[in-house]
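The values are calculated or read from the model by the stated rules, or taken from the named source; none is laboratory data. The structure presented is a predicted model; accordingly, all values stated were derived computationally and were not measured. Cβ: placed from backbone, ideal geometry, glycine included. Neighbour counts: every protein chain shown.
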There are 2 protein chains.
Amino acid sequence: MLNDRKKQVLQAVIEEYISTAEPVSSGTIVEKYDLGFSSATIRNDMAELENMGYLEKPHTSAGRIPSVKGYRFYVDELLNDENISLEEIQYIKTQLETKVNEIEDLTKITTNTISDITHYATVAIGPNSTNNLIKDIKFILLGERMLMAVILTENGAIKETIIKYDEDISQTQVEGLNFTFNNKLRGKPLEKIDKPMEEYILSTMSDQINVIKPIIQQMNKAIEESDKIYLKGANNVFDFPEFKKIDTAKNFLSILDTKEEMLEVLNSGLAKDINVYIGEENEREELKDLSIVTFKHTVGGKDLGTIGIIGPKRMNYSKVISIMKYINKKLNGEN
Amino acid sequence: MLNDRKKQVLQAVIEEYISTAEPVSSGTIVEKYDLGFSSATIRNDMAELENMGYLEKPHTSAGRIPSVKGYRFYVDELLNDENISLEEIQYIKTQLETKVNEIEDLTKITTNTISDITHYATVAIGPNSTNNLIKDIKFILLGERMLMAVILTENGAIKETIIKYDEDISQTQVEGLNFTFNNKLRGKPLEKIDKPMEEYILSTMSDQINVIKPIIQQMNKAIEESDKIYLKGANNVFDFPEFKKIDTAKNFLSILDTKEEMLEVLNSGLAKDINVYIGEENEREELKDLSIVTFKHTVGGKDLGTIGIIGPKRMNYSKVISIMKYINKKLNGEN
DNA sequence: TTTAGCACTCTTTTTAAGCAACTGCTAATA
DNA sequence: TATTAGCAGTTGCTTAAAAAGAGTGCTAAA
């Protein structure tokens, strides 16, 4: 379909545009990319690439910018996924070697690392609750009138919450709670305790309604917080010229603020480890001018959730994907 | 010093400027504020107020804007601190009645409420560690190789952290830890465990170095997180015309991102409950164009930390201070 | 097939002119 | 003496017009 030179021209235009954010002219290509042809030839190729839908022209006297189709071809066919410097490799290594006791810290570190290197806004969410089974629930008396509930999951996540009472709780009661809750919930997905389940638990310990009601309430609150999103590097938008108009920046930041939106986007990923959504490929209207790369990260087969990078369509796909691939390798102990 | 009419004019100019962000002309004062004098008279007063340093002129053909001295006089002498609507009172009441089990939730709710009503960026930090004494430390086995440490403070704060081991921990060891750590740290301020204290603890349980070292490390990490700042409403900057230039907005958001800066500002408050820093009254260069109102909040004499509101110099001091005063009353059970 | 060259198009920058917003002052008024 | 009407003078803002700049597309030649 595209001959070699056209591919080269397309690649050059895209990479130049990614780095400058300015429409690319035939002259620029000749100057900066050593293709060995004159600007007139490049011009002809660019005109054809435009006809074929890979490039666009903001107006007659401007250069070309890539279309979504252009970016897509670039990502699928032209992309070099080893675009990562020695310093960056070293930095990632150091970061990932930090010792973590809580699995969520690992997600935060990974997210921070990606954002630090790419400068794009990076969001993380925990694993889908159906992939995250309850392994153990522990109730602990912190005082006579204060209880702590700790939920451990198979994936290694730990949720804890505090419940306060107006009357004393006995150690015997606590043991009853430990038994009942584990009995009912162990092995189940980490999801909110629904009404039927609540009734079921209450029926077992019907003399303890006053103790159990607040527990369920607080546990649900803690579980709900599990799908809190973690966000890093949002303010870096200001580094990108496409966000130099205050409304664009505002809009971008407000998208990141809407948890539901982000959850949906991150969870909608296909089975692949890495998914790329370019501009209008995103279903949501608000994301039409942005690109998103998502990355499901796992350690030893355990789902740790999804990390997403959000930036301008002119995102440095090559670097972003290289880094994700490298981190994935590192997380799974390869060298 | 200032006669009544000049005070009225000053107040009118400041309040008009606070609500419009536009330089205020003598004509506007006559139109909107019923002072009973002609624009020429107002003009004369404004000229004198300018000579005295209370007002400034961006240029000849513009109206006047308040100077720092003007705002200061307004805050100290002219301010009405009951500028709060019935709806707002109702909203605050509802919010503050939410049942909280963890004291930090109360701080978050308070911070959110203030930000929701004022639309200014609002930050919160926990109490100064010297005001926050350790009441109890509990170690809990979560599995054979996982320990949870919970620190309770007199103020009602709860910090918990996880420690993982490569070998089994026995219940006997846990009891030893409970005894030793409480023995050494109970009643002490919630501060990082320093080297001498670490040595001291280790000397008591010299056979358990491998168990204790990671505990201290993790506890210090948890304690360090205590002075994490909580931030709400930062993106509301975009609502204020003074931040319509992208650089101003960027600068503002990056100030909020620097934890150290915020800590210093919030902790530097005087003994008063409410402190107001207007523009150049702030020591830090980056804050010269902003105003900050800090609010030390306590419940029943217990220090819960400091909340700060950050916005343009043209902040609605009246509303901000009214709200803080009202919340303070509510938190302490007055009606 | 490739290229030099140039007319043409469209945007951006610059310049100038006219307009609008206020003030400060003068002289009149209560 | 305090207040006010009226108007000249300043300054920034808006609009219009002109000039400059950046690239393309096409033609004709190599």
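Of the residues making up region B:98-116, one or more are under 14 Å from B:G305 (Cβ atoms) and either assigned by TED's automatic domain parsing to the domain that holds B:K184 or without any contact (Cβ under 8 Å) to a residue 12 or more places away in the chain (or both). Scan region B:294-315 and tell me whether some residue there is part of a helix (DSSP H, G or I) and buried (at least 18 other Cβ atoms within 10 Å of the Cβ). No - not one qualifying residue is present in region B:294-315. Within region A:234-284, if we keep just the residues that are under 16 Å from the mean Cα position of the chain (by Cα) and of a type in the set (G, A, S), the residue that is nearest to the other protein chains (Cβ to nearest Cβ) turns out to be A:A234. Within the set B:S61, B:S129, B:S85, the sole residue that is small (G, A, S), away from DNA strand C (no atom under 16 Å from the Cβ) and without any contact (Cβ under 8 Å) to a residue 12 or more places away in the chain turns out to be B:S85. Residues in region B:20-47 that are in contact (Cβ under 8 Å) with a residue 40 or more places away in the chain, more than 11 Å from B:V9 (Cα to Cα) and either more than 9 Å from DNA strand C (Cβ to nearest atom) or over 38 Å from the mean Cα position of the chain (by Cα) (or both): B:A21 alone. The sole residue among B:G70, B:G27, B:G53 that is more than 22 Å from B:Y277 (Cα to Cα) and modelled with pLDDT of 95 or more is B:G27.
Okay, residues lined up against (1) in contact with a helix residue (DSSP H, G or I) (Cβ under 8 Å, 6 or more places away or on another chain); (2) under 20 Å from B:R314 (Cα atoms); (3) free of Cβ contacts under 8 Å to residues at least 60 places away in the same chain:
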| position | (1), (2), (3) |
| --- | --- |
| B:N236 | yes, yes, no |
| B:F243 | yes, yes, no |
| B:L253 | yes, yes, yes |
| B:L270 | no, no, yes |
| B:E280 | yes, yes, no |
| B:E285 | no, yes, yes |
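Is one or more of the residues making up region B:139-147 within 12 Å of chain A (Cβ to nearest Cβ), farther than 27 Å from B:L106 by Cα and free of Cβ contacts under 8 Å to residues at least 12 places away in the same chain? Looking for residues that are within 12 Å of chain A (Cβ to nearest Cβ), farther than 27 Å from B:L106 by Cα and free of Cβ contacts under 8 Å to residues at least 12 places away in the same chain, one finds at least one in region B:139-147, hence yes. Can A:G311 be described as on the phi > 0 side of the Ramachandran plot and more than 14 Å from chain B (Cβ to nearest Cβ)? So A:G311 fails the test. Of all residues in region B:261-288, exactly one satisfies the criterion of being β-branched (V, I, T) and in a helix (DSSP H, G or I), namely B:V265. Here B:S206 meets the list (1) crowded, with 18+ Cβ neighbours inside 10 Å; (2) away from chain A (no Cβ under 14 Å); (3) out of contact with any Leu (no Cβ under 7 Å at 6 or more places or on another chain) almost entirely, failing just condition (1). Being within 14 Å of chain B (Cβ to nearest Cβ), farther than 23 Å from A:P23 by Cβ and either away from DNA strand D (no atom under 16 Å from the Cβ) or part of a loop (DSSP other than H, G, I, E, B) (or both), is that true of even one residue in region A:77-86? Within region A:77-86, not a single residue is within 14 Å of chain B (Cβ to nearest Cβ), farther than 23 Å from A:P23 by Cβ and either away from DNA strand D (no atom under 16 Å from the Cβ) or part of a loop (DSSP other than H, G, I, E, B) (or both). When B:R72 is tested against the conditions (1) over 30 Å from A:Q218 (Cβ atoms); (2) assigned to a loop (DSSP other than H, G, I, E, B), the lone failure is (2). Determine which single condition B:N328 fails, assuming it passes every other condition in (1) surrounded by 20 or more Cβ atoms within 10 Å (Cβ to Cβ); (2) within 30 Å of B:T153 (Cα to Cα); (3) more than 14 Å from chain A (Cβ to nearest Cβ). With (1) surrounded by 20 or more Cβ atoms within 10 Å (Cβ to Cβ); (2) within 30 Å of B:T153 (Cα to Cα); (3) more than 14 Å from chain A (Cβ to nearest Cβ) applied to B:N328, the lone miss is (1).
If the condition is being hydrophobic (A, V, I, L, M, F, W, C), within 14 Å of another protein chain (Cβ to nearest Cβ) and closer than 30 Å to B:I114 by Cα, then region B:209-233 contributes B:A222, B:L231. Go through region B:215-260 and give me each residue that's outside any helix (DSSP H, G or I) and surrounded by fewer than 16 Cβ atoms within 10 Å (Cβ to Cβ). Of everything in region B:215-260, those that are outside any helix (DSSP H, G or I) and surrounded by fewer than 16 Cβ atoms within 10 Å (Cβ to Cβ) turn out to be B:K228, B:K244, B:K245, B:T258.
Restricting B:T94, B:T98 to those that are more than 16 Å from the chain's Cα centre (by Cα), surrounded by fewer than 17 Cβ atoms within 10 Å (Cβ to Cβ), more than 14 Å from chain A (Cβ to nearest Cβ) and not aromatic (F, W, Y) reduces the list to B:T94.
Annotation: of all residues in region B:190-209 being outside any loop (DSSP other than H, G, I, E, B) and without any contact (Cβ under 8 Å) to a residue 12 or more places away in the chain, the one that is nearest to the chain's Cα centre (by Cα) is B:K195.
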